[in-house]
Amino acid sequence: MSDELKKGLRGILAAESKMSEIDGDAGKLIYRGYDIEQLADSASYEEVLYLFWEGQLPNREELDAFTDSMTSERGIQEETIKTLRSLARQGETPMAALRSGVSTLSASEPEVDADPEDPDATRRKGRRITAKIPTVLANYDRLRRGDDLIEPRADLSHAGNFLYMLTGQEPSDVAEETMDMALILHTDHGLNASTFTAMIIGSTLADVYAAVTGGVGALSGALHGGANQDVMAALMELDGSDMDPVEWVRDKEESGERVPGWGHGVYNVKDPRAKILQSKLEELSEEDGDTKWLDYTTSIETYLTEEQRLPEKGIAPNVDFYSGSVYKKLGIPVDMYTPIFAMSRVGGWLGHIFEYTADNKLIRPRGRYVGPHNQEFVPVDQR
């Protein structure tokens, strides 16, 4: 047994998985053998969920049955709505509301007493959670704005129904396609912090609701899921200034600040997901005629790429650099960006839980004690 300490478990091989593969040098992301570009361009989020959870792409009959099983579970109970309403009155953040909302969903779970080692029951629970998360998020945002709640529609896709419940308007084809693509791009990315957290909880044979709640908690951290909000906040700061994008970036550099959305712990070149979202931002901008956010992001990327040559140093745009602008174009509030990340990533969390617990072993790493020894206890009155 090695005594070498790897703080943060960096580089430690903790599990084998058939879910996703990342080539940081080539800028490649692969889901179960399929390039992310191929799936983003041709598949639906529902198909990708099936691929992750069942190990293969569905045929038409399988996809229709799977989709029907998801759409039939979109509604949430009044008790969950009461919790969300209370949190809205208190001004809770959407991410914290999602964490609490997911936790309450188990109260209406029809298979709450199912054996945690029953894979079929666990999959059914996972489908219910995934189907209900968009409803939890849309309801919370509408409650905090004082708007009437909108019932989910079974005739819309997972992505389209979310945008409809959130905004009250049926999305355009481009908007629905873009939202669907964003969900696909964020479904999985190896053993990141939230996925590993969900796997650890799953390995204890805890209820899958507990595992997903834990994943939400891990994703809420500033070092994991909040970067897309940081990018949009920065772009809004630029929009409110009297500087052009290049002047703004130079001002940031002179003050020692970094531009959010650049650099990644895995990719040394441009994130493949950023390339795809950049193209969707172009489509959305063309559709509504407003190119402001596209102009900002492309100007910044051109400057940092051609003049600062950051990609040569292994620093390039990551997925967050473009996802923020895409969500802004879709009419999504900035503080909902990370919860939407969770709405997508739950598919990956569950896939890893299903895969790992099929040949389960409790995840129990070792910690090295570095405290004092041979301490003599002194009674409290003699200290």
With the Cα gyration tensor of segment 30-72 giving a ≥ b ≥ c as the square roots of its eigenvalues, does the rule (a/c under 1.5 for rounded; else a/b larger than b/c for prolate; else oblate) give rounded, prolate or oblate? prolate
With 10 angstrom as the radius, rank 361, 252 by how many other C-beta atoms surround their C-beta, starting from the fewest. 361, 252
Rounded Å value of the spacing that divides the Cα centres of segment 200-249 and segment 11-82: 21
In nm, the gap between the two label points placed 7 Å beyond Cα toward Cβ at residue 28 and residue 308 is 2.9
Cα gyration tensor shape of segment 269-356, rounded if a/c is under 1.5, else prolate or oblate by comparing a/b with b/c: oblate
Could you tell me the calculated FRET efficiency between residue 151 and residue 266, based on Cβ-Cβ distance and R0 = 45 angstrom, to the nearest 0.05? 0.65
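According to the square roots a ≥ b ≥ c of the eigenvalues of the Cα gyration tensor, what is the shape class of segment 1-118, taking rounded for a/c under 1.5, prolate for a/b larger than b/c otherwise, and oblate for the remainder? The partial results should precede the final answer.
Working: a/c = 1.85, a/b = 1.26, b/c = 1.47.
Note, shape of segment 1-118 comes out oblate.
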Over what distance in Å are the Cα centres of segment 273-298 and segment 123-158 separated? 27
Pull up all non-local amide H partners of residue 268: gap of 5 or more, or a different chain, and H-to-H distance under 5 Å with H placed in the peptide plane. 25, 27
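Since every read-out is calculated from the coordinates, none of them should be taken as a lab result. Since the model is a prediction, treat every value here as computed from it, not as a measurement. Reconstructed Cβ throughout: ideal geometry from the backbone, glycine too, with neighbour counts over all protein chains shown.
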